[in-house]
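For reference, the structure is listed below as structure tokens.
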Amino acid sequence: MRDWVQRWTGPGKADREAAGRLLTTVTGIARQPGFFGEGRVPDTLEGRTELMFLHAALALMRLKASPAQAGLAQSFTDRFFRLLDAGLREAGVGDLSVPRKMRALASSFYGRLAAYEGALGDEAALRAAIGRNVFADSGHPFAAALAAYAQETADGLAGADPGALEALTVWRPAPALS
């Protein structure tokens, strides 16, 4: 009965609360100073957005692997896009432009999600996808370290209970430069 009700009413309060905690964790992980700086991801709005996309994609891939977490995955996605919308508005984007920019962000995010999901398990493909999306250069030196980080993180998340994704301990720290 609960499954039928949830399909009609959407995710429950527990899923919405867990999604908020997970988004806070993902945001904190993506903002680790070790990701940014010379030879790393540029500390710009675009660089920060790309790292948010990468980490949100890793979280969603893990949630999608567990059908019982569909409500949490939907709540997380909803909150993630509300955060992006709020960021646009804080940056001064006009109300009439926000929907167009949100469509572009959603398209970019889902494209990256598909690219990263398809490339996991293939080191060269993941390095190329991250290089292309994060650096606009598949040969960027930090792309290899970031790809290895993403693979290790995805592997670690795959072994973690989906309800534990909000714990910082299941996420890897930012990679070291090689």
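Values quoted throughout were computed directly from the atomic coordinates according to the rules given, and no laboratory measurement underlies them. This one's a predicted model, so the numbers in the text were calculated from it and none came from an experiment. Here the Cβ is made from the backbone with ideal geometry for all residues, glycine too, and neighbour counts use every protein chain on show.
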Pseudo-spin-label distance THR169 to GLU38, built 7 Å along Cα→Cβ, given in nm, is 3.7
Listed highest first by mean packing, meaning other Cβ atoms within 10 Å per residue, what order do 111-121, 66-76 come in?
66-76, 111-121
Segment 73-88 - phi-based ³J(HN,Hα) in whole Hz, Karplus 6.51/-1.76/1.60, Gly and Pro as x
4, 5, 5, 4, 4, 4, 5, 4, 6, 5, 5, 5, 4, 4, x, 4
Give me the percent of Cα-Cα pairs in segment 83-133 that sit more than 16 Å apart, rounded to a whole number.
50
Which whole-number percentage describes the relative contact order of segment 16-168, with Cα contacts under 8 Å and a sequence gap of 6 or more?
32
Two-site FRET efficiency, ASP137 against GLU17, from Cβ-Cβ distance with R₀ of 41 Å, rounded to 0.05:
0.55
Which net charge results when you count Lys and Arg as +1 and Asp and Glu as -1 among the other residues whose beta-carbon is under 14 Å from that of SER66?
0
May I ask you to compute the full-extension gain from ALA114 to ALA91, defined as 0.36 nm times their residue separation minus their alpha-carbon distance, rounded to one decimal in nm?
5.5 nm
Most mobile of ARG100, ARG82, ARG40 in a GNM of the chain (Cα contacts under 10 Å):
ARG100
Please list, in order along segment 125-133, the HN-Hα scalar couplings obtained from phi with the Karplus expression 6.51 cos²θ - 1.76 cosθ + 1.60 (θ = phi - 60°), rounded to whole Hz, x for Gly and Pro.
5, 5, 4, 5, 5, 5, x, 5, 7
With the chain treated as a Gaussian network of Cα nodes joined by springs under 10 Å, which of ALA136, ALA128, ALA148 yields the largest mean-square fluctuation?
ALA136
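What Kirkwood hydrodynamic radius do you get for the chain when you take the inverse of the mean 1/r over all pairs of distinct Cα atoms, in Å?
With all distinct Cα pairs of the chain included, I get 16.9 Å.
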